[in-house]
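A quick write-up on the structure given underneath.
The values are calculated or read from the model by the stated rules, or taken from the named source; none is laboratory data. Since this is a predicted model, take the numbers as computed values, not measurements. Cβ: placed from backbone, ideal geometry, glycine included. Neighbour counts: every protein chain shown. Surface areas here come from the heavy atoms of the whole protein model, side chains and all, with no ligands, DNA or RNA. Shrake-Rupley method; radii C 1.70, N 1.55, O 1.52, S 1.80 Å.
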Amino acid sequence: MESPFIFKFFGMSFSATVLLASSASVLIIFATLLVLSRHISVVPKRPQAALEMLVSFTNGIVDSSMPKAVGSQYYLLSLVLFLFLAINNMLGLMTIISYKDFSFWGSPTSSAIVCLGLSAMVILFSHYQSVEKFGAKAYVKNNYLSPMPLMLPINLIEEFTNTLTLGLRLYGNIYAGEILLGLIAMLATSHGLISGIFAVPLAMIWIAFSVFIGMIQAFVFTTLSMVYISHKVIVEE
């Protein structure tokens, strides 16, 4: 497996693989939504119907986690997060760009830093929403001192583990998929034509399975994100 190309900018290290692929995913999402929403009408045509189905699906993720009166403000977040993850999970399955043992293309979510960064973003956003809604004093009481002050250490550990598990679950599934795909590619060139003939259908099957896993992981990450946000903005009586 090739290593990602790392470069430094103002003393900070950046991965060219992550930057190129994540930028491409943003452009893909923008172009797709632009095409699907070009001609909005009362009687929807196929592109609009597809967009409405997608929006309804991501809205349903939010509605399953919190009441609509509270969750409606997170509909757009759910849509963007799901699309970003779904596209990023599958980018590394479509093509490989490498040069001199360095990889310049792959799924950004096959990087632990990216996945943990996304999970930290979600957790921090949920805390921000809680402070904004209840104020700092009620936020501390609701999240760390409930149902009793003795729960403070456990609640602090839970926040840390939520961040780790949310990110590492995504990373493990996508990284393992790319590793196995790389091994299949090595198999294809290991014994000439015979291994190549055997590896092609195997790669097709694994790519199809990986696409399915990528979509499932995007759904799981988005669902858990909405659940964590709901825990911060909704106080059970």
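Descriptive notes on the structure:
- Helix 152-188 and the longest principal axis of the C-alpha atoms of the chain enclose an angle of approximately 10°.
- Listed options for Rg and Dmax of the Cα atoms in Å are (i) 17.4, 51; (ii) 21.0, 68; (iii) 18.1, 55. The value calculated from this structure is the one marked (ii).
- Here the spin labels are modelled as points 7 Å beyond Cα on the Cα-Cβ line, and at A112 and V211 they lie 3.1 nm apart.
- Net dipole in debye of the chain [+1 Lys, Arg Cβ; -1 Asp, Glu Cβ; about Cα centre; nearest 20]: 400
- With protein chains left intact and a 1.4 Å probe, residues in the chain average 59 Å² of accessible area per residue.
- Global form of the stretch 32-160, assessed from the alpha-carbon gyration tensor, a/c cut-off 1.5: oblate
- Acute angle (nearest 10 degrees) that the helix 112-134 long axis makes with the longest principal axis of the chain, alpha-carbon atoms: 20
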